[in-house]
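**Student:** Got a structure for you, questions after.
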């Protein structure tokens, strides 16, 4: 709705104080960097051309140096600019997707379940990197995710939606302290319980190892 | 008789005409199909209607579709004026373009529907306008599939274009149809071979372009496009360089006699210094209308045919009155100048094998009445639609067990092999004597007379020298001479000659 790919059925989305539906669609979308689960790299463009597409639509040519810079930002080799998207892994492609979103110096980075289709390690690394970029480039980032742990670890502010309604608006710290209502807490409970179970498992493994060690040491002493 | 390779090498101008026609039709098909596909991808209704229409067109036999454009264009003259051509290139182009529509449209629509939704979302997400999305994303990604559609359309069109011979557009169908009429299989083979080879080469080149587009290999589709463009340029140049605006165009129908007479007229004119073009294998109604509209300058027609088809008369006033009636009617209604009669009749008559006729004691059509329901009757493709047949049927109350259509040459074979018991023969046909056929008498005079007459278009009739050149042909050909000439073309084996050489022999015999 922020970049008007979906029309709101009610209410308004304000961008810089203006209703997004009142702005010229193509201009609005160039001001919003958009990253989504489907990645959507253009398969017939090289990586570099994919990154440069936003400025190209606005009538500017993105210099090769800037493309290299953007690739470095998302921790890819600058040489990758000349590759075709189908030669890249899923994680690399989404990194290019992020670089494409950043190419037009957007005021807002809009991420719709950006890491949903990636393996956990890539997902974690890319999440961290996006958070760092958010700091470095001073971006406003809106990210949609179903993974509460991801939300708690990456965000400054977490809004919980339930059946189309906003049910909580808290900082991660506040959510972990038990605020935000039942729905938000039931979502927080999932990673917390997972973390507790994992910790318990680790403890029991450590204890068993200790006991074994003691048992070994016992007869010899 | 010319050999296969000799014929093949002489097909140059037919080939270039074929290429120009096919390429224009495919081009027009692309111009119509692509915007339609874009529209269809944005509207379900348009998609259903467009694909439905294109599929419907596909179900019409190509031959019928080509023929249908004649009346359509004729009625459009009310809007576009009398200069709108109703025969030849234009109707062939339109019919073939309609035929080419479906594969291009279907592939383009399917390609659009199968585009990765993620890519389309990204196109919107990066802020592409509708036009940018179409040109930068949708078109390049659909291109290989659209190319595959164009490839299918091209092969179809090149094949179907052979049928445009029947509406007076020259092409590789000319040798095929001429060969079928005269049972000259080398001609048929050469025409089929050339059109199949053309289709294969085009398929190969377009396949190269398609792969080039799919692999994004510039040189691959560059080479393909280059060769296609060069081939087109050469064909266009050749067909326009060849064109002789002042040539006298002679039309002929789908049987040997018509071919021979057209060559006889052509040779007579060429001897007088005219340049001549032939439009062979045309339908009866097509020829008459083509002469009336001066698309064709000269044709040979028959009194009975014109009487029933054009004057829409069902009565039979007798031979002389019919001819006089036609001359007056043509002058007053179509502007066609009837130069005169050639001297022989080629009437419809019912013929049987002598042994079969003896079996039934059949001498006249009346004798067939008791046994007709056990008999199979064969006719040329237009016969059972013609008023002559209806007149005979109604005059005698004839009801045959089976009616079958054959091309005129195959009709006699069918009679020989017993696939037909009775056929609608022509009285000037050499095979009547050669096959010792019995002609059934027509005591109720249901069949009109069929004097061969020379028809000249309103335009050509202004050329007095032309009319004078043709004057010696009037009343010069008797039915025996015509039968002989017809048989020399229709017969099989030794002594079979081409219509051209039969026409030369005929000219010698009548002292031209």
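Computed from the coordinates by the stated procedures, all read-outs in this text should not be read as laboratory data. Since this is a predicted model, take the numbers as computed values, not measurements. Neighbour counts are summed over all protein chains in view; Cβ atoms, including those assigned to glycine, are modelled from backbone coordinates with ideal geometry.
**Student:** With no solvent and one point on each alpha carbon, what is the Debye value of log10 I(q)/I(0) for region B:33-86 at q = 0.18 Å⁻¹?
**Tutor:** Per q value, in the given order, log10 I(q)/I(0) is -0.77.
**Student:** Here's another thing I want to ask about it. Mind jotting down the three principal axis lengths of chain B based on Cα atoms? Whole angstrom, largest first.
**Tutor:** So the three principal-axis extents are 87, 55, 48 Å.
**Student:** Something else now. Could you work out, residue by residue across A:96-102, how many beta carbons of other chains sit within 10 Å of that residue's beta carbon, and then give the average as an integer?
**Tutor:** Values: counts 0, 2, 0, 0, 3, 3, 0.
That works out to 1 on average.
**Student:** Just order A:147-156, A:59-68 by mean Cβ neighbour count inside 10 Å, highest at the front, would you? Don't jump to the answer; show the numbers that get you there.
**Tutor:** Values: A:147-156: 17.1, A:59-68: 13.3.
Result, highest mean Cβ count within 10 Å first: A:147-156, A:59-68.
**Student:** Taking the Cα centre of each part, how many Å lie between region B:406-484 and region A:89-115?
**Tutor:** Taking the Cα centre of each part, region B:406-484 and region A:89-115 sit 82 Å apart.
**Student:** Something else about it: Testing the spin-label approximation: label points 7 Å from Cα along Cα→Cβ at residue B:505 and residue A:205. State their distance in nm.
**Tutor:** Each label point lies 7 Å from its Cα, and together they span 10.4 nm.
**Student:** Please arrange B:22, A:82, A:26 by how many other C-beta atoms lie within 10 Å of their C-beta, fewest to most.
**Tutor:** On the way: B:22 33, A:82 11, A:26 16.
Ordered from fewest to most neighbouring Cβ atoms within 10 Å, B:22, A:82, A:26 come out as A:82, A:26, B:22.
**Student:** Based on the Cβ-Cβ distance from residue B:68 to residue B:328, what FRET efficiency comes out when R0 is 30 Å, to the nearest 0.05?
**Tutor:** Details: r = 32 Å, r/R0 = 1.06.
The computed FRET efficiency comes out at 0.40.
**Student:** Continuing with the same structure: Could you order the peptides B:504-512, B:254-262, B:56-64 from most to least packed, using the average number of other C-beta atoms within 10 Å per residue?
**Tutor:** Values: B:504-512: 15.3, B:254-262: 25.8, B:56-64: 13.4.
Descending mean neighbour count gives B:254-262, B:504-512, B:56-64.
**Student:** Per residue, how much space in cubic angstrom lies within the convex hull of the C-alpha atoms of region B:321-361? Before the final figure, lay out the partial values.
**Tutor:** Details: hull volume 4.9 nm³, N = 41.
For region B:321-361, the hull spanned by Cα atoms encloses 119 Å³ per residue.
**Student:** To the nearest whole number, what is the average tally of beta carbon atoms from other chains within 10 Å of the beta carbons of peptide B:127-135? Numbers along the way, then the final one.
**Tutor:** Details: counts 16, 7, 5, 2, 0, 4, 0, 0, 0.
Rounded to a whole number, the mean comes out at 4.
**Student:** With N residues in region B:279-429, what two-decimal value do you get for its Cα radius of gyration over 2.2 N^0.38 Å?
**Tutor:** Working: Rg = 17.0 Å, N = 151, 2.2 N^0.38 = 14.8 Å.
Taking N as the residue count of region B:279-429, the ratio is 1.15.
**Student:** Next question, about the same structure. Once the Cβ-Cβ distance between residue A:7 and residue A:124 is put in as r, and R0 is 35 Å, what FRET efficiency do you end up with, to the nearest 0.05?
**Tutor:** Numbers: r = 35 Å, r/R0 = 0.99.
Efficiency computed from Cβ-Cβ geometry: 0.50.
**Student:** Let me ask you something else. For chain A, take the longest principal axis of its alpha carbons; what is the angle in degrees between that and the long axis of helix A:181-220, to the nearest 10 within 0 to 90?
**Tutor:** 40
**Student:** Any chance you could check the Cα centroid distance between region A:124-203 and region B:241-287 for me, in angstrom?
**Tutor:** Measuring centre to centre over Cα atoms gives 88 Å.
**Student:** May I ask for the distance between the Cα centers of region B:23-75 and region B:309-335, given as a whole number of Å?
**Tutor:** If we compute the Cα centre of each part, the gap is 40 Å.
**Student:** If I histogram all Cα-Cα distances within the protein assembly as shown using bins 10 Å wide from 0, what percent of pairs lands in each bin?
**Tutor:** Pair shares across the bins are 2, 11, 16, 15, 12, 9, 8, 8, 8, 5, 3, 1, 1, 0, 0.
**Student:** For chain B, what does -39500 (n - 2.57) per DSSP helix run (n ≥ 4), summed and divided by total residues, give at 222 nm, in deg cm²/dmol to the nearest 500?
**Tutor:** Rounded to the nearest 500, the figure is -19000 deg cm²/dmol.
**Student:** If you line up the long axis of helix B:139-160 against the longest principal axis of chain B, both from Cα atoms, how many degrees apart are they, to the nearest 10?
**Tutor:** 10
**Student:** Quick one: the Cα spread of region B:1-133 along its three principal axes, in angstroms, biggest first?
**Tutor:** 69, 44, 26
**Student:** Could you check what % of the DSSP bridge pairs in the protein assembly as shown are antiparallel, to the nearest 5? Mind dumping the intermediate values first?
**Tutor:** Numbers: 25 of 49 bridges.
Around 50 percent antiparallel, to the nearest 5.
**Student:** I need to check one value: relative contact order of chain B, counting alpha carbon pairs closer than 8 Å and at least 6 residues apart, in percent.
**Tutor:** Numbers: 866 pairs, mean separation 78.6, N = 512.
The value is 15 percent.
**Student:** Over the Cα atoms of region B:146-295, compute the convex hull volume and normalise it per residue, giving Å³.
**Tutor:** It comes to 125 Å³ per residue, whole-number rounded.
**Student:** So what are the radius of gyration and Dmax for the Cα set of chain A, in Å?
**Tutor:** Values for chain A (Cα only, Rg and Dmax): 22.2, 83 Å.
**Student:** Could you put B:155, B:489 in order, starting from the residue whose Cβ has the fewest other Cβ atoms within 10 Å?
**Tutor:** Numbers: B:155 18, B:489 25.
In order of increasing Cβ crowding within 10 Å: B:155, B:489.
**Student:** Helix A:64-73 sits at what angle to the longest principal axis of chain A, using alpha carbons and giving 0 to 90 degrees rounded to 10?
**Tutor:** The answer is roughly 20 degrees.
**Student:** Relative contact order of region A:41-189: what whole-number percent is it, with Cα pairs under 8 angstrom and at least 6 residues apart? Before the final figure, lay out the partial values.
**Tutor:** Details: 184 pairs, mean separation 24.6, N = 149.
Value for region A:41-189: 16 percent.
**Student:** Next up: Between residue A:212 and residue A:171, what is 0.36 nm times their sequence separation minus the Cα-Cα distance? Round to one decimal in nm. Please report the intermediate quantities before stating the final value.
**Tutor:** Working: separation 41, 0.36 × 41 = 14.76 nm, distance 4.41 nm.
Value of the extension gain: 10.3 nm.
**Student:** For region B:233-364, report the translational diffusion coefficient in µm²/s to the nearest whole number, using Stokes-Einstein at 10 °C, 1.306 mPa s, and a Kirkwood Rh over Cα pairs. Could the numbers behind the result be given before it?
**Tutor:** Working: Rh = 17.3 Å.
For the chosen part, D equals 92 µm²/s.
**Student:** Working out 0.36 nm times the residue gap between residue B:236 and residue B:45, then minus their Cα-Cα distance, what length gain in nm do you get to one decimal? Write down the numbers at each step before the final one.
**Tutor:** Numbers: separation 191, 0.36 × 191 = 68.76 nm, distance 3.93 nm.
That pair, residue B:236 and residue B:45, stretches by 64.8 nm at full extension.
**Student:** Would you mind giving the mean number of other chain beta-carbons within 10 Å of the Cβ of each residue in A:24-34, as a whole number? Intermediate values should be presented prior to the final figure.
**Tutor:** Details: counts 2, 5, 7, 1, 1, 6, 3, 1, 3, 2, 6.
Mean shielding count: 3.
**Student:** May I ask you to derive the FRET efficiency for residue B:436 and residue B:189 from their Cβ-Cβ distance with R0 = 41 Å, giving the value to the nearest 0.05? Before the final figure, lay out the partial values.
**Tutor:** Numbers: r = 31 Å, r/R0 = 0.76.
Approximately 0.85, to the nearest 0.05.
**Student:** Now, a different point. Note the direction-averaged projected area, equal to a quarter of the hull surface, for the Cα convex hull of region A:1-113, in nm². Please list the in-between numbers first.
**Tutor:** Working: hull surface 29.2 nm².
Across all orientations, region A:1-113 yields a mean hull projection of 7.3 nm².
**Student:** Just rank B:396, B:237, fewest to most, by other beta-carbon atoms within 10 angstrom. Mind dumping the intermediate values first?
**Tutor:** Details: B:396 18, B:237 11.
The fewest-first ordering by Cβ neighbours comes to B:237, B:396.
**Student:** Another question about this same structure. Using only alpha-carbon positions, what ratio does the radius of gyration of region B:93-221 give when scaled by 2.2 N^0.38 Å?
**Tutor:** Working: Rg = 19.7 Å, N = 129, 2.2 N^0.38 = 13.9 Å.
In units of the globular-protein estimate, region B:93-221 measures up at 1.41.
**Student:** Mean shadow of region B:156-203, computed from the convex hull of its alpha carbons, in nm²? Provide the component values of the computation, followed by the final result.
**Tutor:** On the way: hull surface 12.0 nm².
Projected area, direction-averaged: 3.0 nm².
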